[in-house]
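Shown next, in structure tokens, is the structure this report addresses.
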Amino acid sequence: MFYKLTDEQLMIQSMVREFSRKVVAATAAERDKTKEFPADNLRQMGELGLMGMMVPAEYGGEGADTVSYVLALSEIAYSCASTAVVMSVHNSIVCESIVRFGSEALKKRFLPRLTAGEIIGAFALTEPHAGSDPVSQLTTAERDGDHYVINGVKRFITTGQNCGLVIVTAKTDESAGHRGISAFIVEKGNPGLKVGHTEDKMGLRASDTTDLLFEDCRVPAENMLGKLGEGFKIAMVGLDGGRIGIAAQSVGVAQAALDAAIKYAKGRDQFGQKISKFQGLRWIIADMATEIEAARQLMFSAAAMKDRKEKYTLQASMAKLYASEMVNRITGKALQMHGGYGFTADYPVERFYRDARVFTIYEGTSEIQRIVISNNILKDKRKP
Ligand code: CAA
């Protein structure tokens, strides 16, 4: 499907492109080295309306559609994938889940600060022994009067250190399987919530990934998101949207890698001519551009289906699967085209290559996407 963008979508794309290439790109390489959290970028992104893009205006958001959102996210990822993943989890999973499942009181309490970029949201589903299989999580939430008391360890939490609130899933009924999992909003500063180990990662180094430790963490019962036992569904619905976000990140990084490779190939002489004149490289560039365009169209298709309020689980997984595997091929080829220089930190492609590696892993591995896709196509749900 060829997706024709509206004037408004094109305007958002061009505004974010300008901001991203002027402001976000300027510090991306340095942040990759220092691991400094992109707080300045995110503050400015809040001012530009990028931290609550799909949130209705009455809660401080932009009320934009998902197509506009993926355009914006791709543009941020083009310059800095670390900044993009924070934007993605915050918008696609945290804000969207509160809009969709939060009570009016929770929406009024949390969305204005989230959309302004005053606080960043995190999403805590994964545990040390529960990654692809979140139903096997061990974190519990026990009712105690008008509170729940949460105990457990969450792992690989994007923005765990720098978030202002986290949506956490926990078992409220040990015997009820996925229907015994509920979701809660926990604010940073809660004495029962501590930040544990911070991961030292090969990529996305300016985005912090941490353990979150819940130790007798008392949360008011009204902080439950959705209904009792709805936590797994909230996570799955959130991940459907999140997976479109990973496709957008993939498209952005892949385009940056292709543009860098073209720039290098047009400037580099070997055997008496620019290497961009060699047929071998021209065909690689043609294949790269074609794969990026295919991923972009899958991303648009899933986003447009979400905007039309159709069921888009299948398309989100297809977009995530194809785009995340595509960007790993593209960044590898872009690095190869740079020869030895591609292996050095003097050129950005080695950062793109490292950043892209996790895209086939987080928010559901490629293997999990294939389970979701095959279950949806064959229509006979099969356990992994
Ligand atoms: N939308 C709505 N409901 C859904 C759904 C969806 N997309 N997918 C599943 N459900 C519902 C099902 O309908 C079912 O409900 P009922 O029994 O009431 O009908 C229930 O959820 C259980 O479904 P399954 O039996 O299919 O569940 P499962 O245990 O077999 O698991 C899975 C399915 C797709 C493998 C799922 O576990 C999964 O997605 N795993 C990967 C987890 C993941 O992506 N983790 C990423 C962590 S977050 C992260 O990386 C964020 C970050 O910080 C970057």
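The values are calculated or read from the model by the stated rules, or taken from the named source; none is laboratory data. Everything quoted here is computed from the prediction, not taken from an experiment. Virtual Cβ from ideal backbone geometry, glycine too; neighbours counted across all protein chains shown. Keep in mind that these areas ignore ligands, DNA and RNA; they rest on the heavy atoms of the full protein, side chains included. Shrake-Rupley method; radii C 1.70, N 1.55, O 1.52, S 1.80 Å.
Per-structure values
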item	result
Residue among Ile157, Ile150 that alone is surrounded by 18 or more Cβ atoms within 10 Å (Cβ to Cβ) and away from the ligand (no atom under 16 Å from the Cβ)	Ile150
Failed item, numbered, when Ile377 is tested on (1) crowded, with 17+ Cβ neighbours inside 10 Å; (2) more than 27 Å from Tyr264 (Cα to Cα)	(1)
First in the stretch 194-216 and more than 19 Å from Thr83 (Cα to Cα), second anywhere and acidic (Asp, Glu) and open to solvent by 70 Å² or more (accessible area, probe 1.4 Å), Cβ under 7 Å, 6 or more apart	Lys194/Glu215
Given (1) within 16 Å of the ligand (Cβ to nearest atom); (2) touching a Leu at 6+ places or on another chain (Cβ under 8 Å); (3) open to solvent by 80 Å² or more (accessible area, probe 1.4 Å); (4) without any contact (Cβ under 8 Å) to a residue 60 or more places away in the chain, number of the condition Phe343 does not satisfy	(1)
Which numbered condition Pro384 fails, given (1) open to solvent by less than 80 Å² (accessible area, probe 1.4 Å); (2) outside any helix (DSSP H, G or I)	(1)
Residue among Ile246, Ile262, Ile234 that alone is touching a Lys or Arg at 6+ places or on another chain (Cβ under 7 Å) and assigned to a helix (DSSP H, G or I)	Ile246
Only one of Leu106, Leu73 that is assigned to a helix (DSSP H, G or I), more than 11 Å from the ligand (Cβ to nearest atom) and within 30 Å of Ala29 (Cα to Cα)	Leu73
Candidates Gly177, Gly241, Gly226 - the one that is at pLDDT 95 or above, crowded, with 17+ Cβ neighbours inside 10 Å and within 11 Å of the ligand (Cβ to nearest atom)	Gly241
Which listed residue, of Glu18, Glu104, is open to solvent by 20 Å² or more (accessible area, probe 1.4 Å) and closer than 30 Å to Ala221 by Cα	Glu104
Which listed residue, of Ala261, Ala257, Ala247, Ala235, is hydrophobic (A, V, I, L, M, F, W, C), within 13 Å of the ligand (Cβ to nearest atom), touching a residue at least 60 places away in the same chain (Cβ under 8 Å) and buried (at least 17 other Cβ atoms within 10 Å of the Cβ)	Ala235
Selection status of Met45, of a type in the set (A, V, I, L, M, F, W, C), assigned to a loop (DSSP other than H, G, I, E, B) and touching a residue at least 40 places away in the same chain (Cβ under 8 Å)	no
So Leu111, is it more than 11 Å from the ligand (Cβ to nearest atom) and at pLDDT 95 or above	yes
Qualifying residues in the stretch 119-133 (those that are touching a helix residue (DSSP H, G or I) at 6+ places or on another chain (Cβ under 9 Å) and over 18 Å from Ile185 (Cβ atoms)) - the one nearest to the ligand (Cβ to nearest atom)	Ser132
Inter-residue pairs, beta-carbon under 7 Å, first more than 7 Å from the ligand (Cβ to nearest atom) and in the stretch 362-376, second among the small types (Gly, Ala, Ser) and open to solvent by less than 40 Å² (accessible area, probe 1.4 Å), 6+ apart	Ser366/Ser324; Gln369/Ser317; Ile373/Ser317
Residues satisfying the stated conditions in the stretch 346-359, i.e. open to solvent by 20 Å² or more (accessible area, probe 1.4 Å) and either modelled with pLDDT under 95 or not β-branched (Val, Ile, Thr) (or both)	Asp346, Tyr347, Pro348, Glu350, Arg351, Tyr353, Arg354, Arg357
